[in-house]
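Participant: Before I ask anything, let me first share the structure, which is written out below as structure tokens.
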Amino acid sequence: MAPRLLALAAVAVATASAVVLSATSADANNVAPRYYIPAAGSGTAQHDAYGPRMATPTKRPKKPTKTKRPAPAPVVTATAAPAPQTIADIVTGNDDFSVLLTALQTASLVETLDDESASLTVFAPTNGAFLSLAQTLGYTGDNVDGVFAFLVEALTGLSNGGNPVPLLTSVLRFHVVGSTVSSTELVSTGFFEPLEGPAVVLADDGRTLYDFAPGVADPMLVVDRLDIQASNGVIHVITGVLLPVPVLSPAPVATATAVPALPTEPAVPEVTEAPAPAPVVTATAAPVLQTIADIVAGNDDFSVLLTALQTASLVETLDDESASLTVFAPTNGAFLSLAQTLGYTGDNVDGVFAFLVEALTGLSNGGNPVPLLTSVLRFHVVGSTVSSTELVSTGFFEPLEGPAVVLADDGRTLYDFAPGVADPMLVVDRLDIQASNGVIHVITGVLLPVPVLSPAPVVTAAPVQTMTPVAPTRPPRYSRPHGGNGGRNRGYGGHDGERSRRYRDVYGY
């Protein structure tokens, strides 16, 4: 009995020692023991034949997880968007407009371009544009330092020695439109109406602006400096200064020097018989001038024009005795040339008018061609008498319908609005034909207020047919080289290494 009791006591002591050692180790490492033994009397201990058995360990409950309080959202201070600049601000802030700015300040136009409530378009000449104009007028410098002073002196001369500021103001206002005109709209309309001066026409190249100063290069739009947006409009930069008046003096006309007469002896008076009485001349009435319609009807070279006028019911307009008109009259050859440009294959005028009516029907989307025909004919008529001398002096004319037509620097070519069709020219020996109700100028082509040729289609390369991609099959793996070369072929060189690289590039592995 004693040995059994001693054995049970030894087991109990050993169990108690293990519990104490476990607790001591947990305390030493500041780690709570994962399991614990319930205290005596808790009812969880069990006994067997060898004494009390260790209680079933129970998992310690977890502590509740603490969640962090969300940090307050940072306060974002709103920054004001940069205010859009006016046209005046943009000009002022760009060194390439320094001469333009000085001119605007001199003409007191800065406030006009700074008006926030305005809607303007400005064609802005660069410093180089003013320098080019000055050099054309005789300026010998190669920088812009003295350009404005030189131009003011030139304007003073054009003003007959008077105040140059009014003319400077007119030139600057000739660069401004009283509405916003984008570059796309300018190309579409083909011209613009400035605040002061006649209409400015855009050439067929879509860049050149025709002004009214023969001998001075026409300004051009700078393609990559268009549609500069401002709070009160838009700016288009140009390479020259638009001029509403001629600025170069015409070349003097050379006249023959009079040869002094040689002295002669006094003439001896001759004895003549008494003059016979003059015959009585019966006065005859001066021929009555014909109307423009009469002249057109009586000239076989205007037969196509007459048919067109009759179709458009405009004969009465040109027959009005009380009217004062100017007609730019295309000849039969002019109509034939236009028809051939549009695809007519004949070489006489017999079928020209019918062909042109068909073309106008197409331009009218299959509708009635007469309204468009009427517009084209009225584009040839001015509502006042304009002689050829006056036309050369002004450099343009305003028709009854359509935009202004500009006379080129050669004094003969009339710029219209039909790219791809030759511009009409004045027939020098058939100008200023007088009529009772105006004047006729014969021209070599038909003036067109709208394009009549369809734009050439853009040719695009035909798509190249490609084979249907085939999914690559996995290539055979190459064994890792070994022996003899120390592994130099493992994808880094040699025959097998190069092949491995190619497969990796193609197949991705």
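The values are calculated or read from the model by the stated rules, or taken from the named source; none is laboratory data. Note that the structure is a prediction, hence the values are computed from the model and not measured. Cβ sites come from the backbone with ideal geometry, for glycine too, and all protein chains shown count toward neighbours.
Participant: Quick check, is THR169 over 19 Å from VAL237 (Cβ atoms), out of contact with any His (no Cβ under 8 Å at 6 or more places or on another chain) and at pLDDT 95 or above? Talk me through it step by step, then tell me what you get.
Facilitator: Working: over 19 Å from VAL237 (Cβ atoms): yes; out of contact with any His (no Cβ under 8 Å at 6 or more places or on another chain): yes; at pLDDT 95 or above: yes.
Yes.
Participant: Going through the range 321-340 one residue at a time, which ones are in contact (Cβ under 8 Å) with a residue 40 or more places away in the chain and either surrounded by fewer than 16 Cβ atoms within 10 Å (Cβ to Cβ) or farther than 20 Å from SER375 by Cα (or both)? Can you show your working first?
Facilitator: First pass over the range 321-340, keeping only residues in contact (Cβ under 8 Å) with a residue 40 or more places away in the chain: 321-331, 333-335, 337-338.
Correct list: GLU321, SER322, SER324, GLY333.
Participant: Now, a different point. Out of the residues in the range 135-186 meeting the condition of being closer than 16 Å to ASP211 by Cα and β-branched (Val, Ile, Thr), tell me which one is surrounded by the most Cβ atoms within 10 Å (Cβ to Cβ).
Facilitator: Going through the range 135-186, the residues closer than 16 Å to ASP211 by Cα turn out to be 136, 167-168, 170-177, 186.
Cutting the leftovers down to β-branched (Val, Ile, Thr) gives us 136, 171, 176-177.
Working: THR136: 17, VAL171: 25, VAL176: 21, VAL177: 20.
Ranking the candidates gives VAL171 first.
Participant: Might you check whether a residue that is part of a helix (DSSP H, G or I) and within 35 Å of the chain's Cα centre (by Cα) occurs anywhere in the range 300-320?
Facilitator: No, the range 300-320 contains no residue that is part of a helix (DSSP H, G or I) and within 35 Å of the chain's Cα centre (by Cα).
Participant: Kindly list the number of the only condition in (1) in contact with a strand residue (DSSP E or B) (Cβ under 9 Å, 6 or more places away or on another chain); (2) outside any loop (DSSP other than H, G, I, E, B); (3) more than 22 Å from PHE397 (Cα to Cα); (4) among the hydrophobic types (A, V, I, L, M, F, W, C) that fails for ALA293.
Facilitator: (3)
Yes/no matrix, rows are residues, columns are (1) surrounded by 15 or more Cβ atoms within 10 Å (Cβ to Cβ); (2) more than 19 Å from PHE191 (Cα to Cα):
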residue	(1), (2)
LEU407	yes, no
ASP410	no, yes
ASP423	yes, no
LEU426	yes, yes
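Participant: Considering only residues that are closer than 21 Å to LEU305 by Cα and surrounded by 19 or more Cβ atoms within 10 Å (Cβ to Cβ), which ones fall in the range 381-402?
Facilitator: Correct list: VAL381, VAL382, VAL386, PHE397, PRO399, GLY402.
Participant: While we're on this one: Yes or no: ARG225 of a type outside the set (A, V, I, L, M, F, W, C), under 26 Å from LEU137 (Cα atoms) and outside the structural domain of PHE417 (by TED's automatic domain parsing)? Spell out the reasoning first.
Facilitator: Numbers: of a type outside the set (A, V, I, L, M, F, W, C): yes; under 26 Å from LEU137 (Cα atoms): no; outside the structural domain of PHE417 (by TED's automatic domain parsing): yes.
So ARG225 fails the test.
Participant: What are the residues in the range 354-380 that are over 19 Å from LEU453 (Cβ atoms) and surrounded by 14 or more Cβ atoms within 10 Å (Cβ to Cβ), if any?
Facilitator: Of the residues in the range 354-380, the ones over 19 Å from LEU453 (Cβ atoms) are 354, 367-368, 370-371, 374, 377-378, 380.
Matches in the range 354-380: VAL370, THR374, LEU377, ARG378, HIS380.
Participant: Which condition does LEU209 not pass, out of (1) within 25 Å of VAL147 (Cα to Cα); (2) assigned to a strand (DSSP E or B); (3) modelled with pLDDT of 95 or more, if it passes all the others?
Facilitator: The single condition LEU209 does not satisfy is (3).
Participant: Considering only residues that are part of a loop (DSSP other than H, G, I, E, B) and touching a residue at least 40 places away in the same chain (Cβ under 8 Å), which ones fall in the range 364-397? Don't jump to the end; show me each part of the working.
Facilitator: Kept after step one, since they are part of a loop (DSSP other than H, G, I, E, B), are these residues of the range 364-397: 364-369, 379-380, 383-387, 395.
Selection gives PHE379, HIS380, GLY383, SER384, THR385, VAL386, SER387, GLY395.
Participant: From the list LEU325, LEU318, LEU306, LEU314, which one is out of contact with any strand residue (DSSP E or B) (no Cβ under 9 Å at 6 or more places or on another chain) and either assigned by TED's automatic domain parsing to the domain that holds GLY215 or more than 23 Å from ASP410 (Cα to Cα) (or both)?
Facilitator: Working: LEU325 fails: out of contact with any strand residue (DSSP E or B) (no Cβ under 9 Å at 6 or more places or on another chain); LEU318 fails: out of contact with any strand residue (DSSP E or B) (no Cβ under 9 Å at 6 or more places or on another chain); LEU314 fails: out of contact with any strand residue (DSSP E or B) (no Cβ under 9 Å at 6 or more places or on another chain).
Just one listed residue meets the conditions, LEU306.
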